[in-house]
Amino acid sequence: MNKRVEKLREQSISAKAAISRERAVLLTEFYKTGQAAQVSVPVARALAFKYILEHKTICINEGELIVGERGEQPKATPTYPEICTHSLDDLDILNNREKVSYTVDKTTRESQDREIIPFWFGMSIRERIFREVDKNWKSAYDAGVFTEFMEQRAPGHSVLGNKIYRKGFLDFQQEIKNSISKLDFFNDPEAFQKREQLTAMFITTEALIIFANRHAEKVRELIADETDANRKKELGKIAEVCERVPANAPTNFWEALQYYWFVHLGVITELNTWDSFNPGRLDQHLLPFYRQGIKDGSLTKEDAKELLQTFWVKFNNQPAPPKVGVTAQESNTYTDFCLINVGGVKENGEDGTNELTYLILDVIEEMRLLQPSSMVQVSKKNPDRLLKRALKIIRTGFGQPSVFNTDAIIQELIRQGKSLQDARNGGSSGCVETGAFGKESYILTGYFNLVKVLEITLNNGVDPVTGKEVGIKSGDANKFTSFDDLMNAFKNQLQYFINVKIKGNIIIERLYAQYMPAPFMSVLIDDCIQNGKDYNAGGAKYNTSYIQGVGMGSITDSLSAIKYHVFDQEKVSIAALLTLLKNDFNGEENFRQQLLNETPKYGNDDNYADDILREVFEMFFQMVDGRPNTKGGTYRINLLPTTVHVYFGSVIGAMPDGRKALTPLSEGISPVQGADRNGPTAVIKSAAKIDHLRTGGTLLNQKFTPQFLEDDEGIQKIVHLIRSYFKMDGHLFHKSWCYNFNINSF
Amino acid sequence: MNPIGIIYDIKKFAVHDGPGIRTTVFLKGCPLSCWWCHNPESQSRFPESKTELLTKNNLKLFRGNETIGVEVSVEEVMREVEKDIVFFDESDGGVTFSGGEPLMQDEFLLSLLKQCRLKDIHTVVDTSGYADYSVFEKINDYVNIYLYDLKIYDNQKHLKYTGVSNQLIHQNLKQLLKAGKNVKIRLALIPGIVDSLENLAQIISFIKTLDDELTVDILPYNKIGENKYNRMNLVHQLSGLEQQTEAEINRVKLQFETAGLKAS
């Protein structure tokens, strides 16, 4: 990388994350003007958005080419009091916590105390949620049966499609006007609501153009003071770019990147959407601009690389909005999960790799930044070269890029009812989640602790960790005479908790639809403009809600241990086993070792265990998949943990697989650590017994020793391994950035 | 007629025992008793009980006694092997029969090889070459590749370090090549014994009398075997040998290449 990029990268890495009060103060100021009370909720939200973008500090960092920050400077991170209002304790935790901390200065703390907290008291979504959900939901939530994504962050699992590369915001304004003019007040009972929603969308488009123009103005001011002739020229170019986009469609590579960046800032300023907004298929979107620039001589490969690298830095400058409460203390979640996709197939189904794919991979390898994260989509149509290039980056040891199966993603999307074209234009985002980019709102609603449900089943509805009754009376385990008895009880208990979770979700979805529309996001995601509906109210072309199952390995091994040792081998009675679990195997290490070593376990291509896995998957799938959400869409499952397998383990006592109390569960669909003893092919075979195509993503984490990837022969073998897994419809092969990340390691 | 065999391990994702991704089946029993043997548990033809030295943090902590080797049917072995067919197909891999000396259980091996042929699974046999040639003749049609170990050219030394003469081994190799079989030579570089300039020169000229096109796999010495001896309470007659450096290995390869042979 050149000197400029090196400097910007260094600044980004060394910048200290801090809480910025600016957004919360401006938002509160706006609501205090009384304007909000006079208009509909969506229009009020749009005006607030506009107010923030009209008044927030404009930040132009020295030497940068792509401009714009969410805060006053890199890593200044706003709060979203309308979603969850940080208490003073929360701020102190964030300031002092050992893991990644956010600096909170005195003025920020004071303003939170005097203005923000008093104004938003009782009104935040978080407070509304906890007021509206019932006591069954709360006790399950407290027991750690599931988590709830939306209590601290807005729904927003979406990735941008390609429309901003063809249209400017002035074009979107025209589309919104058209949509308003088509409203039929005589026959459409929702016409008024739609008008308000569309008006709100229009206001947000104005807001972003204003925001861009403010950057142009600021840059022109800087030109006057700039002494370096080259930088002067560069600043002139930046000002031109900001004057052109996002109002108009981009005409070159630089404008395309800057346009996206303004849009990105708009999304993450409007709400603290959950985690994943990103440009998606970057090597497809930018290719026309790249080729045109190379052809007419206005762009060199080096220019493009430099622009991409400065673009990369911008992502790394935006830490995740900090959490509140216990999550703030325990979680070291720090980055968002922008997952840029390269490779895969084109809309017409052809191999999508191109010269830009490899240029972007070069950028990923050189930048080694936490954000944005990256992945390669690997289709059977892509050449091995793509996979080999990715593996050569992976072996450098910083975890990127992940390796996804395009052909599985497409089939998953098509099974869910997406068109073939939309499926081919889609990909994976966040951690592993499949989506139709630019056209889908696919909301992760919470992790679901399958292992906890088994523990509660074994205790007839009681959580043995707290002694509280949290589930239903599914039967006294001591009286089970067969493995089927246990599975039936588990099934009833699971059904109960899934229902509790979905009931809560339905309430929460409506709270967002009613109180927290996202008009700016609605401009970006099809078909919100055409439908005159908000992104949070079912405006998108596709609306999916996910529940993410956690602990597949742990639950399979626990059930397998009961089946094998209690019912098949009759080595131990269920009563004796439950006592052992209650005592955390105290004094029974020998027996614990038997459970660990002499039980058929998931991850060994052994159908004894893997059939149980299939049964659990099938139950979970049948109970969730296809149920309606409130947005005209459906519930789906996926299987991924991020870091939650640690939290979920911390609320569960000892389990029959030999796991000690309060220790982490297995992650994703990976086997329990150490349970797989027959090498990677057996793990892959076991994992492939899950029907990946009926999920919206699974996470199998295969780790390689870097030595194995040292030579071409080793890489070739891994290529074969991945291709085999993908042939069996595996969703994702390698992933490591979701957890274990440590900002100091880069 | 269903022969029963004795194996002591099946290793999946074996990546050094032939082309592609392979499953290696280790047959028990070996007529040689090499001082440096990496798999001392493989030498006896029959299952045997070994006391493992117990160390902390070892998952076998509570096992103590372990029987090495198990009687299996052809079907049982094939069931394990067939699990990885998808990987074999993708990588042009297959199954490798190793040992011990797989040719010692000739009927069992033949049945396995025939089953593999029936299922279209590529086969490799990793052999010391120490068997009656009639055994090779019996299985030749079902073996895609032989991995053929050469060790020491000097017969007296060969006898000393391996317990057997190398005459039969050399003769069988000649016959296999004459029969047009695909053979790859493997040379494990035992420090001071195999990797001496003199021995290598003799091996090279021997190979050149056979076939200039033969490729030779150079296998650097690996100390892992020593630990196994400790664990199993066996005395390793060659303890304290050091693994070769990369430069030393490259020197050996160069020696082969200078002579016009392909070494990898």
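The values are calculated or read from the model by the stated rules, or taken from the named source; none is laboratory data. As the structure is a prediction and not an experimental result, all values here were calculated from the model. Backbone-built Cβ (ideal geometry, glycine too); neighbour counts: all protein chains shown. Side chains are part of the model used for accessible areas, which takes the heavy atoms of the whole protein and leaves out ligands, DNA and RNA. Shrake-Rupley method; radii C 1.70, N 1.55, O 1.52, S 1.80 Å.
If the convex hull of the alpha-carbon atoms of segment B:94-184 is projected onto planes in all directions, what is the mean projected area in square nanometres?
5.5 nm²
Check residue B:94: other-chain or 5+ apart residues with amide H under 5 Å from its amide H, H built from backbone geometry?
B:21, B:22, B:23
In cubic angstrom, how much convex hull volume per residue do the alpha carbon atoms of the protein assembly as shown span?
Output value, Cα hull per residue: 195 Å³.
Calculate how steeply helix A:253-270 sits against the longest principal axis of the alpha-carbon atoms of chain A, using the helix alpha-carbon long axis, and give the answer as 0 to 90 degrees to the nearest 10.
It is inclined by approximately 60 degrees.
Where in chain A is the longest stretch that carries no GluC sites (Glu not before Pro) classed as loop by DSSP and with at most 10 other Cβ atoms within 10 Å?
Excluding the exposed sites themselves, the longest stretch runs over A:99-569.
Would you pull out the residues with amide H under 5 Å of residue A:278's amide H, same chain only if 5 or more places away, H placed 1.01 Å from N?
Residues meeting the amide H criterion: A:160.
Which value results for Rg/Rh of segment B:4-263 when Rg is the Cα radius of gyration and Rh the Kirkwood radius based on the inverse mean 1/r?
Computed over Cα atoms, the ratio is 0.96.
Taking chain A as the reference, fit the longest principal axis to its C-alpha atoms, fit the long axis of helix A:384-394 to the helix C-alpha atoms, and give the angle between the two in degrees, 0 to 90, nearest 10.
In chain A, helix A:384-394 runs at an angle near 90 degrees to the longest axis.
So for chain A, averaging the separation of alpha carbon pairs under 8 Å that are six or more residues apart and normalising by length, what relative contact order in percent results? Don't skip to the end; give the middle numbers.
Working: 1470 pairs, mean separation 106.7, N = 746.
Relative contact order, chain A: 14 percent.
Taking the convex hull of the alpha carbon atoms in segment A:197-301, what volume per residue do you get, in Å³?
Cα-based convex hull of segment A:197-301, divided per residue, equals 131 Å³.
Residue farthest toward the positive end of the dipole of the protein assembly as shown, with Cβ of Lys/Arg at +1 and Asp/Glu at -1: which of A:298, A:344, A:39?
It is A:39, whose Cα lies furthest towards the positive end.
Where the centroid of each part is defined by its Cα atoms, how far is segment A:14-29 from segment A:339-389 in Å?
For segment A:14-29 versus segment A:339-389, the Cα centre distance is 35 Å.
How do A:484, A:171 stack up against each other in accessible area, from largest to smallest, with a 1.4 angstrom probe?
Details: A:484 100, A:171 70 Å².
Most to least solvent-accessible, the answer reads A:484, A:171.
Roughly how many debye, to the nearest 20, is the charge dipole of segment A:507-639 about its Cα centre, given +1 on each Lys and Arg Cβ, -1 on each Asp and Glu Cβ, and no other charges? List each step's numbers first, then the result.
Details: 12 positive and 18 negative charges, 140 e Å.
Dipole magnitude for segment A:507-639 comes out near 680 debye.
Suppose every Lys and Arg Cβ carries +1 and every Asp and Glu Cβ carries -1, with no other charges. What dipole size does segment A:441-698 come out with about its Cα centre, to the nearest 20 debye?
For this selection, approximately 700 debye.
How large are Rg and Dmax for segment A:580-682 when only the alpha carbon atoms are used, in Å?
Both quantities, over Cα of segment A:580-682: 16.4, 55 Å.
How much mean residue ellipticity at 222 nm does chain B get from its helices, if each DSSP H run of length 4 or more adds -39500 (n - 2.57) and you divide by all residues, to the nearest 500 deg cm²/dmol?
-10000 deg cm²/dmol
Round to a whole angstrom and tell me the spacing of the C-alpha centers of segment A:55-114 and segment B:134-185.
74 Å
Using a 1.4 angstrom probe and counting only protein chains, how large is the accessible area of residue B:38 in Å², to 10?
70 Å²
Cut-off under 17 Å on the C-alpha distance; same-chain residues fewer than 8 positions from residue B:119 excluded. Which aspartates and glutamates are left, in chain and number order?
Hits, sequence-local ones excluded: B:75, B:76, B:80, B:82, B:84, B:89, B:90, B:92, B:141.
Using a Cα-Cα cut-off of under 21 Å, which lysines could be cross-linked to residue B:228, ignoring same-chain neighbours fewer than 8 residues away?
The reachable lysines, counting only those whose Cα sits under 21 Å from residue B:228, are B:11, B:12, B:28, B:50, B:56, B:60.
Filter A:56/A:237; A:301/A:323; A:177/A:301; A:99/A:232; A:380/A:631 down to the pairs with a C-alpha to C-alpha distance above 30 Å, please.
Long pairs (Cα-Cα over 30 Å): A:301/A:323; A:177/A:301; A:99/A:232; A:380/A:631.
In whole Å, what are the Cα extents of segment A:241-303 along the three principal axes, biggest one first?
40, 25, 18
Segment A:441-698: Rg/Rh from Cα coordinates, Kirkwood Rh? Write down the numbers at each step before the final one.
On the way: Rg = 19.9 Å, Rh = 19.3 Å.
Value, to two decimals: 1.03.
Let me check something: with ligands and nucleic acids excluded, how do A:12, A:573, B:165 order by accessible area (1.4 Å probe), largest to smallest?
Descending order: A:573, B:165, A:12.
Chains A and B: how much accessible area gets covered up at their contact, both sides added, probe 1.4 Å, in Å² to the nearest hundred?
In total, chains A and B hide about 1800 Å² from solvent.
Along segment A:516-521, what does the Karplus equation 6.51 cos²θ - 1.76 cosθ + 1.60 (θ = phi - 60°) give for ³J(HN,Hα), rounded to whole Hz, x for Gly and Pro?
Karplus values, whole Hz, x for Gly and Pro: 9, x, 10, x, 5, 4.
Leaving out ligands and nucleic acids, note down the accessible area per residue over segment B:4-263 with a 1.4 angstrom probe, in whole Å².
With the other protein chains kept in place, segment B:4-263 gives 45 Å² per residue.
For residue B:7, enumerate residues with amide H under 5 Å from its amide H, sequence gap 5+ or separate chain, H modeled in the peptide plane.
Residues meeting the amide H criterion: B:28, B:70, B:72.
List, by residue number, every residue in segment B:86-114 with a reduction of 50 Å² or greater in accessible area between the chain on its own and the complete protein assembly, 1.4 Å probe.
B:86, B:87, B:90
Once the Cα atoms of helix A:607-624 and of chain A are each reduced to a long axis, what angle between those two axes, in degrees from 0 to 90 to the nearest 10, is obtained?
50 degrees
Could you tell me which of B:133, B:111, B:93 has its Cα farthest along the dipole of segment B:89-135 towards the positive end, charges placed at Cβ (Lys, Arg +1; Asp, Glu -1), taken about the Cα centre?
Result: B:111, furthest along the dipole toward the positive end.
Let's see if you can work this out: charge +1 on each Lys and Arg Cβ, -1 on each Asp and Glu Cβ, no other charges. What is the dipole magnitude of chain B about its Cα centre, in debye to the nearest 20?
440 debye
Using the structure shown, list the pairs from A:50/A:533; B:184/B:223; A:75/A:685 with a Cα-Cα distance above 31 Å, or answer none.
A:75/A:685, as the Cα separations exceed 31 Å there.
Could you pull out every one of the aspartates and glutamates with an alpha carbon less than 15 Å from that of residue A:346, ignoring same-chain neighbours closer than 8 positions?
A:283, A:355, A:407, A:422
Need one number: % antiparallel among DSSP beta bridges in the protein assembly as shown, to the nearest 5.
That works out to approximately 30 percent antiparallel.
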